[in-house]
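In what follows, a structure is listed as structure tokens, so that the remarks can point back to it.
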Amino acid sequence: MILRTILLQLLLVLTAFSQSDKKTDLEVQLLAEQFPEKLGQVYLVFGDKKSQPFDLPTNRLSDSVAAEGRTMVLKLAQKDVPLCTITLPDQGKSFALLLVAAKPSGFKPLVIRTDDSTFRAGDVFFVNSTDKTILGKLGTAPLTLKPGETTKSRPNGAVDNTYYNIAFAIREGTTDKLISSTRWPVDQGLRSYVFFFTNAEGRTTYRAVDEYLKPATAAP
């Protein structure tokens, strides 16, 4: 009887230790609209904990970073300067953090659940951080994006089930000015993020970033 009690107490201690040592099941990936390489690496702060420094990409989602909580601060690694505070929603375990340049410095974070079943392969998340209205034709699907707006959409009307004709324009007063005409291939293995922004020359431009999905997630 005494041995059984000791074993039970030992089991409880080991279980408690295992739970306290359990790693977080929250993860984030980051993507910046613009970020000069000269600023170096960044890291995330969760109260008294912080991540290892990592690169902040503009052409792909970063590698996954374990999140120690749903509220965090992004900082520059070299100067320990805060860039923004990020709060994850209560629902979800996996997130993309889109970082839009904010004035006078730092970022405005946009949080997107990447484990949301409604965010499917073929979808595109658009961000308009310019002061102009963006117009688009995604194959046969229209797009209108006012200044500061975001939306999720998807192309339609593929040509020969192979590609979509894509065009983007900006509205200036009563005039629509074409800024891009291209083709996007049909690919059921990815979803995308598109930033419209003003470059250093004062022109409205855009950048598309693809996220390649695991087969189970990629299924429509």
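The values are calculated or read from the model by the stated rules, or taken from the named source; none is laboratory data. Here the structure is a predicted model, which means the values were calculated and not measured. Because the Cβ atoms are built from the backbone with ideal geometry, glycine has one as well, and the counts that use them run over all protein chains shown. Just the protein is used for accessible areas: all its heavy atoms, side chains included, with ligands, DNA and RNA removed. Shrake-Rupley method; radii C 1.70, N 1.55, O 1.52, S 1.80 Å.
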In this structure, is Tyr206 open to solvent by 50 Å² or more (accessible area, probe 1.4 Å), part of a strand (DSSP E or B) and among the aromatic types (Phe, Trp, Tyr)? yes
Within segment 15-27, is there a residue that is over 22 Å from Phe196 (Cα atoms), open to solvent by less than 100 Å² (accessible area, probe 1.4 Å), of a type outside the set (Lys, Arg) and at pLDDT 95 or above? yes
Which numbered condition Gln78 misses (of (1) of a type outside the set (A, V, I, L, M, F, W, C); (2) open to solvent by less than 50 Å² (accessible area, probe 1.4 Å); (3) in a loop (DSSP other than H, G, I, E, B); (4) within 20 Å of Gly40 (Cβ to Cβ)): (2)
Would you pick out the residues in segment 58-68 that are outside any strand (DSSP E or B) and either at pLDDT below 95 or not small (Gly, Ala, Ser) (or both)? Thr58, Asn59, Arg60, Leu61, Asp63, Glu68
Go through segment 175-193 and give me each residue that's open to solvent by less than 40 Å² (accessible area, probe 1.4 Å) and not in a strand (DSSP E or B). Gly189
Among the residues of segment 33-46, is any modelled with pLDDT under 95, open to solvent by 40 Å² or more (accessible area, probe 1.4 Å) and polar (S, T, N, Q)? yes
Considering only segment 122-143, I want to know if a residue exists there that is farther than 30 Å from Thr174 by Cβ, out of contact with any Gly (no Cβ under 8 Å at 6 or more places or on another chain) and touching a residue at least 24 places away in the same chain (Cβ under 8 Å). yes
Only one of Gly148, Gly92, Gly122 is open to solvent by 30 Å² or more (accessible area, probe 1.4 Å), assigned to a loop (DSSP other than H, G, I, E, B) and of a type in the set (Gly, Ala, Ser). Can you tell me which? Gly148
Touching a residue at least 40 places away in the same chain (Cβ under 8 Å) and basic (Lys, Arg) - does that describe any residue in segment 98-117? no
Given the structure, is Leu110 outside any loop (DSSP other than H, G, I, E, B) and surrounded by 15 or more Cβ atoms within 10 Å (Cβ to Cβ)? yes
